[in-house]
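Asks: The structure that follows is given in the form of structure tokens.
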Amino acid sequence: MKIIYKDGTTGECPQEQELHVIRHTAAHILAQAVKNLYRNAHFAYGPATENGFYYDVDLGDVKLNDADLAKIEAEMNKIVKSNLPIKAFTLPRNEAIALMQERGEIYKVEHIGDLGEDEVISFYQQGDYIDMCVGPHLCYTKALKAFKLTQVSGAYWKNDRNNKMLTRINGTAFATKDELTAHMTALEEARKRDHNKLGRELEYFTTVDSIGQGLPILLPKGARVIQLLQRWVEDEEQKRGYLLTKTPLMAKRDLYRISGHWDHYLDGMFILGDPNDEEKECFALRPMTCPFQYQVYLNRMRSYRDLPMRLGETSTLFRNEDSGEMHGLIRVRQFTISEGHLVLRPDQLEEEFAGCLSLAKYMLETVGLAEDVSYRFSQWDPANTAKYEGTAEQWEEAQSLMEKILNKLEVPYSVGIDEAAFYGPKLDIQIKNVFGKEDTLITIQIDMLLAKKFGMEYVDADGQKKMPYIIHRTTLGCYERTLALLIEKYAGALPTWMAPTQVKILTVTEKGDEWAREVERELFSRGMRVELDLRNEKIGFKIRQAQQEKVPYMIVIGGQEAEDKMVAVRNRKEGDLGKMTLAELVDKLEEEIRTKAH
């Protein structure tokens with residue numbers, strides 16, 4: 001595959017770069033098509049991505065829909081068939097600005113303004129369309145063989161909510177039509193599993209415009225699953241020596257100033273009051289629990305014998321996420337998290353970090369997500385020190401300690417520069433949703449800075465006061481996000497132990513009602529979540545409905561089952577399991593629930 005570089009030379013494309021080049025070229029052809037159809041369009045960023053490409057466009061008051069996407073795609077096909085040569089050239093910075101000003105590309109002009117004074121800007125041209133870009137690109141538009149526009153969304157210019165909301169046109173492209181077809185088939189399967197669709201259909205959650213974006217309502221099913229996970233996490237943490245805390249949902253700005261969140265995280269917080277008025281009290285909803293939990297430690301002087309102190313809390317948090325980032329339960333503005341902080345002596349760091357990782361892995365294995373995660377060692381960026389607390393020496397020490405621990409534990413991690421918390425490095429356990437978008441599920445962080453800010457000391461064995469280390473960690477992360485990922489993982493058919501309804505009892509006729517109620521009482525007394533369906537409907541209809549609701553077990557009771565004191569058992573995956581006694585059914589269900597099978 002021939003490609004053209006920004007200096008105008010051509011060559012064979014390295015295999016590992018092929019998709020990137022194809023998709024980058026597709027983004028430019030998309031932009032040209034948009035310009036042909038909407039002459040007043042202004043273009044921002046249009047990169048290739050892991051799964052495709054997009055272009056952020058200012059279309060003024062124009063709102064795109066699916067019909068418009070088809071129209072833009074048709075225009076792209078015209079450009080491809082015309083086989084326009086793609087040319088590259090460079091300009092000095094001042095000439096590049098003049099060119100973009102002449103073409104009315106206000107966002108490109110601003111982008112160039114962010115570059116260095118001596119920067120030489122490269123451009124690619126196809127027909128009358130010119131775009132600034134570092135390339136490389138395909139040599140002709142006809143070389144783009146297979147592409148598809150997929151959706152329209154919104155994005156702030158420079159990802160800053162204070163800037164204008166632009167229209168983001170998303171698409172994907174491949175080397176062949178067969179690869180594109182396979183991808184679109186997988187995408188269709190992903191849409192079927194998308195928790196934002198499936199979770200609403202199965203009545204796990206809903207959203208209401210008058211309440212606000214990123215503020216989901218958990219319906220009884222969703223609330224039950226999250227309650228089950230929370231109780232399980234809290235019980236498991238208690239077994240591992242955690243002390244339960246319950247702290248306020250808000251605090252005065254004074255607390256966040258001590259911790260550093262006021263300086264480093266203010267834009268992500270919901271403020272109650274005027275943050276610039278020093279005469280009046282100003283509060284903020286908490287975006288994290290750490291400065292609150294530290295007050296538990298600070299309640300009295302601590303000895304080295306008190307450490308490690310493991311503090312755990314089911315915390316409701318609030319973060320002012322960009323509206324363009326909202327997605328179902330995965331990214332929200334109010335959420336609940338299995339948050340904890342371990343205060344410890346330096347000599348305890350390795351063992352306690354290993355314990356946090358062991359707990360996280362146990363949780364992931366039990367819910368069935370362990371094989372879906374990856375590990376990222378998130379470090380600071382020495383070139384962006386304003387974002388972080390502490391000195392280079394402190395960061396080097398903290399990161400060296402974490403690197404040593406991760407290597408000893410044989411954690412297969414990648415490195416993420418400029419992904420650390422402002423107070424320390426962290427291990428992020430990453431996971432992708434059905435569409436390939438990656439988010440952090442669980443995090444374990446080493447903090448050597450905040451204890452000093454809060455005056456957290458302990459009296460060591462030598463009688464001297466010393467500063468502890470702190471580990472910030474989550475056990476199962478954000479419960480809303482975890483629920484979303486579980487819905488997608490199991491296509492809504494959650495394992496029996498966490499299913500909101502574990503058993504549905506279906507009667508064939510009224511003759512089975514009394515026995516059905518007795519079965520219900522027995523299962524309910526064993527702590528199982530049971531629903532009784534006595535409706536005067538055909539049994540086939542009742543079974544189909546229970547299947548659609550993803551209920552793990554269906555108990556069918558007719559006149560014969562009632563007479564014999566038996567139950568006919570159906571499993572959503574295995575179908576008809578035959579007749580059992582009630583005792584046999586109870587034993588089967590209790591074993592499956594006890595072992596948390598999935």
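The values are calculated or read from the model by the stated rules, or taken from the named source; none is laboratory data. Quick caveat, the model's predicted, so the values are computed rather than measured. Heads up, the Cβs are rebuilt from the backbone with ideal geometry, glycines too, and the neighbour counts pull from every protein chain shown.
Asks: When you scan the stretch 506-598 for strands (runs of 3 or more DSSP E) that lie fully inside it, which ones turn up with 3 or more residues that are of a type outside the set (Asp, Glu)?
Replies: Here the list reads 553-557, 566-571, 575-581.
Asks: Give the residues of the stretch 375-399 that are buried (at least 16 other Cβ atoms within 10 Å of the Cβ) and among the small types (Gly, Ala, Ser), sorted by residue number.
Replies: 378, 390, 398
Asks: Yes or no: the stretch 433-450 includes at least one residue that is touching a residue at least 40 places away in the same chain (Cβ under 8 Å), touching a strand residue (DSSP E or B) at 6+ places or on another chain (Cβ under 8 Å), surrounded by fewer than 17 Cβ atoms within 10 Å (Cβ to Cβ) and among the basic types (Lys, Arg).
Replies: yes
Asks: Just the residues that are crowded, with 23+ Cβ neighbours inside 10 Å and among the hydrophobic types (A, V, I, L, M, F, W, C), please, taken from the stretch 451-477.
Replies: 470, 471, 476
Asks: Counting just the residues of the stretch 586-598 that are farther than 21 Å from residue 225 by Cα and either without any contact (Cβ under 8 Å) to a residue 40 or more places away in the chain or in the same structural domain as residue 366 (by TED's automatic domain parsing) (or both), which one comes out farthest from the chain's Cα centre (by Cα)?
Replies: The selected residue is 587.
Asks: Determine whether the stretch 452-473 contains at least one residue that is outside any loop (DSSP other than H, G, I, E, B) and under 18 Å from the mean Cα position of the chain (by Cα).
Replies: Checked the stretch 452-473: at least one residue is outside any loop (DSSP other than H, G, I, E, B) and under 18 Å from the mean Cα position of the chain (by Cα).
Asks: Could you check the stretch 5-121 for helices (runs of 4 or more DSSP H) lying wholly inside it with 3 or more residues that are in contact (Cβ under 8 Å) with a residue 60 or more places away in the chain? First the steps, then the outcome.
Replies: Values: elements: 18-37, 66-81, 93-102, 106-113.
Qualifying helices (runs of 4 or more DSSP H): 18-37, 66-81, 106-113.
Asks: May I pose another question? Wholly within the stretch 240-332, which strands (runs of 3 or more DSSP E) include no fewer than the required count, namely at least 1 residues that are crowded, with 20+ Cβ neighbours inside 10 Å, within 25 Å of the chain's Cα centre (by Cα) and among the basic types (Lys, Arg)?
Replies: none
Asks: Given 154, 171, which one is surrounded by 18 or more Cβ atoms within 10 Å (Cβ to Cβ), in the same structural domain as residue 77 (by TED's automatic domain parsing) and among the small types (Gly, Ala, Ser)?
Replies: Being surrounded by 18 or more Cβ atoms within 10 Å (Cβ to Cβ), in the same structural domain as residue 77 (by TED's automatic domain parsing) and among the small types (Gly, Ala, Ser) holds for just one of 154, 171, which is 171.
Asks: Related question: Any residue in the stretch 425-432 that is in contact (Cβ under 8 Å) with a residue 40 or more places away in the chain, closer than 30 Å to residue 194 by Cβ, of a type in the set (Val, Ile, Thr) and not assigned by TED's automatic domain parsing to the domain that holds residue 50?
Replies: yes
Asks: Moving to a separate point now. Does the stretch 352-364 contain at least one residue that is more than 20 Å from the chain's Cα centre (by Cα), in a strand (DSSP E or B) and more than 30 Å from residue 219 (Cβ to Cβ)?
Replies: There is no residue in the stretch 352-364 that is more than 20 Å from the chain's Cα centre (by Cα), in a strand (DSSP E or B) and more than 30 Å from residue 219 (Cβ to Cβ).
Asks: When residue 133 is evaluated against the numbered criteria (1) within 20 Å of the chain's Cα centre (by Cα); (2) at pLDDT below 95; (3) of a type outside the set (Val, Ile, Thr), which criterion, by number, is the only one it fails?
Replies: That leaves (1) as the condition not met.
Asks: Here's another thing I want to ask about it. Residue by residue through the stretch 535-558, note down the ones that are over 28 Å from residue 198 (Cβ atoms) and surrounded by fewer than 19 Cβ atoms within 10 Å (Cβ to Cβ). First the steps, then the outcome.
Replies: Pass one, the stretch 535-558, residues over 28 Å from residue 198 (Cβ atoms): 536, 557-558.
Of everything in the stretch 535-558, those that are over 28 Å from residue 198 (Cβ atoms) and surrounded by fewer than 19 Cβ atoms within 10 Å (Cβ to Cβ) turn out to be 536, 558.
Asks: Please go through the stretch 180-199 and give me each residue that is among the acidic types (Asp, Glu) and surrounded by fewer than 15 Cβ atoms within 10 Å (Cβ to Cβ), ordered by number.
Replies: 188, 189
Asks: List the number of the failed condition for residue 397; all other conditions in (1) of a type outside the set (A, V, I, L, M); (2) farther than 29 Å from residue 216 by Cβ; (3) at pLDDT 95 or above hold.
Replies: (3) is the only condition that residue 397 fails.
Asks: For the stretch 188-216, how many residues are among the hydrophobic types (A, V, I, L, M, F, W, C) and out of contact with any helix residue (DSSP H, G or I) (no Cβ under 9 Å at 6 or more places or on another chain)?
Replies: So the count comes out to 3.
Asks: Shifting gears a bit: Looking at 375, 362, which one is under 24 Å from residue 231 (Cβ atoms) and hydroxyl-bearing (Ser, Thr, Tyr)?
Replies: Among 375, 362, only 362 is under 24 Å from residue 231 (Cβ atoms) and hydroxyl-bearing (Ser, Thr, Tyr).
Asks: Filtering the stretch 219-231 down to residues that are without any contact (Cβ under 8 Å) to a residue 40 or more places away in the chain and under 28 Å from residue 472 (Cβ atoms), which residue is surrounded by the fewest Cβ atoms within 10 Å (Cβ to Cβ)?
Replies: 231
Asks: Tally the residues that are aliphatic (A, V, I, L, M) and within 21 Å of residue 479 (Cβ to Cβ), restricting the search to the stretch 425-454.
Replies: Count: 7.
Asks: What tally of residues in the stretch 8-25 results from selecting those that are in contact with a strand residue (DSSP E or B) (Cβ under 7 Å, 6 or more places away or on another chain), exposed (fewer than 14 other Cβ atoms within 10 Å of the Cβ) and either of a type in the set (D, E, K, R) or not assigned by TED's automatic domain parsing to the domain that holds residue 92 (or both)?
Replies: 1
Asks: So residue 511 fits all but one of (1) free of Cβ contacts under 8 Å to residues at least 40 places away in the same chain; (2) closer than 29 Å to residue 587 by Cβ; (3) of a type in the set (Lys, Arg); what number is the exception?
Replies: (1)
Asks: Could I ask something else about it? Do we find a residue being surrounded by fewer than 23 Cβ atoms within 10 Å (Cβ to Cβ), polar (S, T, N, Q) and without any contact (Cβ under 8 Å) to a residue 60 or more places away in the chain anywhere in the stretch 488-504?
Replies: no
Asks: Is it the case that some residue within the stretch 99-106 is surrounded by fewer than 19 Cβ atoms within 10 Å (Cβ to Cβ) and under 35 Å from the mean Cα position of the chain (by Cα)?
Replies: yes
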